[in-house]
Amino acid sequence: MTVTIVGSQLGDEGKGGVVDIFGDAVDVVARYQGGDNAGHTVVHEGEEYKLSLVPSGAVRGKTGVLGNGCVVNPSTLFEEIDALQERGLDPDVRVARRAHVIFPYHRVLDGIEEEAKSEDGEEVGTTGRGIGPTYEDKAGRRGIRVGDLVSEDVLREKLEYVVPQKRALAEDVFGVETGEAFDIDALHEEYREYAERLREEEMLVDAGEFLAERLEAGEEVMFEGAQGTLIDIDHGNYPYVTSSNPTAGGASTGTGLGPGVVGGDDGEIVGIVKAYLTRVGSGPLPTELAGVEGDTPDYTPGEGREEELATYIRDEGGEYGTVTGRPRRVGWLDLAMLRHSTRANGFTGVVINHLDVLAGLDEVKIGRAYELDGEELDTIPATTERWAACEPVFETFDGWEAFDSEVVAEEGYEALPAEAKAYVEYVEDELGVPAYALGVGPGREETVVRTNPFE
Ligand code: IMP
């Protein structure tokens, strides 16, 4: 069977930990979108590993696949593999020949466009990894795929077509001088070497074929989504989105397996929910507690909107970007967002993480709905402008005392404080989806598992 792990909010919901928890039975973990903009921390045998591209399952001896829907920066890929090898691991990573390649000029252009947009406060707040420009080239039918790297002639021909366009864009449109990142010979040499290594280490696969064979052989496959539903290019709050589909449909198009494999009788789709909200980068956040100065166009510094509480939650939850180190904006859980997410992904279950971070507060809020133009909305409006105009309608809950997460994890759901259970059950009822597991502490073992979707 397959289990797809999807971020139900804005990314950083703790997907890596869930991949770990449900992953014991798993043979193959495949990513289906995104690139080295993702950041996941995996703790294995007491060691902490920070990865941005390699699927987190690869740390635990699973086969990791980067599907065709991914964008691959080979320099990051090999840095991560080398670092894992230096620490005594032998990760088995396969890369789809149909995945698109991130080149240095994509990163430079990502920065140039953000800079240009920032003049009017319109920047997306990207991770600067060249993700958007690479997907742009894919959609513009001028991208270079991983499979193209292995033929020196094909690679040169494609670079000769695309690089002069990129140089002209940087120099003539944006007035920025270009350097080695736009030098065809240098790029050809560097990427030819990556291709040699990909080939020598037998990493290249046709992802759909490879995964279908493994499923056929009776193996268990997990699809590991990166980012989250609200930064999905179709279902997120455009334009403050990443350029791929983190939603469950992406697991089909981004691997080459049919939608029935992802969401049929043998497929579970698990939404990962953080018990509060965080957001890196720009865009609306109606239940926000306070903005990080400069990060949100409509935030007025010094307004004092629950700043202290936001800082407390940010610090308790370690809410600083894995890739960029940026402080994350913080808000209360937003059900209008989660209803949208549950529908767009077809969740069969959810995991609610970080219940421990909220422990010790007198009261905890959940955004039950929005108010907009005198009406109550129970889901997110389609335009970002209307979403930004939404006022949250809150439901207030009694807070719960700090608890010993190891004890709760061992004794199970019933050992959770009653107030925390009331919070969880309210979310389950509103979404009509069961909570398969609850994160009650930062460690893998600090999880209350009620249902393992593989069993
Ligand atoms: P990009 O993916 O680098 O193009 O960034 C586009 C938007 O997605 C920005 O708002 C980023 O902050 C956000 N983003 C990208 N990757 C992640 C992630 O792994 N977690 C949370 N936000 C992310």
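Couple of notes before you dig in:
- Screening Ala186, Ala168, Ala139 for residues that are within 16 Å of the ligand (Cβ to nearest atom), out of contact with any Phe, Trp or Tyr (no Cβ under 7 Å at 6 or more places or on another chain), among the aliphatic types (A, V, I, L, M) and free of Cβ contacts under 8 Å to residues at least 24 places away in the same chain leaves exactly one candidate, Ala139.
- Of the residues Glu180, Glu160, the single one that is more than 16 Å from the ligand (Cβ to nearest atom) and either of a type in the set (S, T, N, Q) or in contact with a Pro (Cβ under 8 Å, 6 or more places away or on another chain) (or both) is Glu180.
- For Lys50, the conditions (1) away from the ligand (no atom under 13 Å from the Cβ); (2) surrounded by fewer than 21 Cβ atoms within 10 Å (Cβ to Cβ) all hold with the exception of (1).
- Residue in the range 93-100 that is open to solvent by 10 Å² or more (accessible area, probe 1.4 Å), away from the ligand (no atom under 14 Å from the Cβ) and out of contact with any Asp or Glu (no Cβ under 8 Å at 6 or more places or on another chain) present: yes
- Contacts under 7 angstrom Cβ, first residue in the range 319-339 being farther than 22 Å from Lys365 by Cα, partner of a type in the set (A, V, I, L, M), 6 or more apart: Gly321/Val280; Arg326/Val280
- Scope the range 323-351; condition away from the ligand (no atom under 16 Å from the Cβ) and β-branched (Val, Ile, Thr); matching residues: Thr342, Thr348, Val350, Val351
- Among the candidates Gly125, Gly132, the residue that is open to solvent by less than 50 Å² (accessible area, probe 1.4 Å), part of a loop (DSSP other than H, G, I, E, B) and within 16 Å of the ligand (Cβ to nearest atom) is uniquely Gly125.
- Residues satisfying the stated conditions in the range 101-122, i.e. part of a loop (DSSP other than H, G, I, E, B) and either within 12 Å of the ligand (Cβ to nearest atom) or open to solvent by 50 Å² or more (accessible area, probe 1.4 Å) (or both): Ile102, Glu119, Asp120, Glu122
- Glu371 assigned to a strand (DSSP E or B), open to solvent by 50 Å² or more (accessible area, probe 1.4 Å) and in contact with a helix residue (DSSP H, G or I) (Cβ under 8 Å, 6 or more places away or on another chain): no
- Selection of the range 23-37 for residues being part of a loop (DSSP other than H, G, I, E, B), open to solvent by less than 10 Å² (accessible area, probe 1.4 Å) and either free of Cβ contacts under 8 Å to residues at least 60 places away in the same chain or not small (Gly, Ala, Ser) (or both) yields Val26, Tyr32, Gln33, Asp36.
- Restricting the range 324-355 to residues that are open to solvent by 40 Å² or more (accessible area, probe 1.4 Å) and not in a strand (DSSP E or B), the residue that is modelled with the lowest pLDDT is Thr324.
- Residue pairs meeting the criteria (Cβ under 6 Å; at least 6 apart or on separate chains; first farther than 14 Å from Arg94 by Cβ, in the range 210-223; second of a type in the set (Asp, Glu) and surrounded by fewer than 20 Cβ atoms within 10 Å (Cβ to Cβ)): Glu220/Asp27
- Residue in the range 212-232 that is within 16 Å of the ligand (Cβ to nearest atom) and hydroxyl-bearing (Ser, Thr, Tyr) present: yes
- Tabulated pairs, the range 109-125, first touching a residue at least 24 places away in the same chain (Cβ under 8 Å) and within 16 Å of Ile231 (Cβ to Cβ), second within 13 Å of the ligand (Cβ to nearest atom) and of a type in the set (A, V, I, L, M, F, W, C), C-beta under 8 angstrom, 6+ apart or interchain: Val124/Val241; Gly125/Val280
- Beta carbons closer than 8 Å, at least 6 apart along the sequence or on distinct chains, pair a first residue in the range 227-248 that is open to solvent by 30 Å² or more (accessible area, probe 1.4 Å) and modelled with pLDDT of 95 or more with a second that is near the ligand (Cβ under 7 Å from one of its atoms) and not in a loop (DSSP other than H, G, I, E, B) for Ser243/Ile131; Ser243/Gly132.
- Condition check for Val71: open to solvent by less than 50 Å² (accessible area, probe 1.4 Å), more than 13 Å from the ligand (Cβ to nearest atom) and not in a helix (DSSP H, G or I): no
- All positions within the range 161-182 that are open to solvent by less than 60 Å² (accessible area, probe 1.4 Å) and not in a helix (DSSP H, G or I): Val176, Thr178, Gly179
- Condition met for Gly16 (surrounded by 24 or more Cβ atoms within 10 Å (Cβ to Cβ), in a loop (DSSP other than H, G, I, E, B) and within 16 Å of the ligand (Cβ to nearest atom)): no
The values are calculated or read from the model by the stated rules, or taken from the named source; none is laboratory data. All values derive from a computational prediction rather than experimental measurement. Positions of Cβ are backbone-derived with ideal geometry, glycine not excepted, and every protein chain shown enters the neighbour counts. Each accessible area value is taken on the protein alone, full model and side chains, heavy atoms only, with ligands, DNA and RNA left out. Shrake-Rupley method; radii C 1.70, N 1.55, O 1.52, S 1.80 Å.
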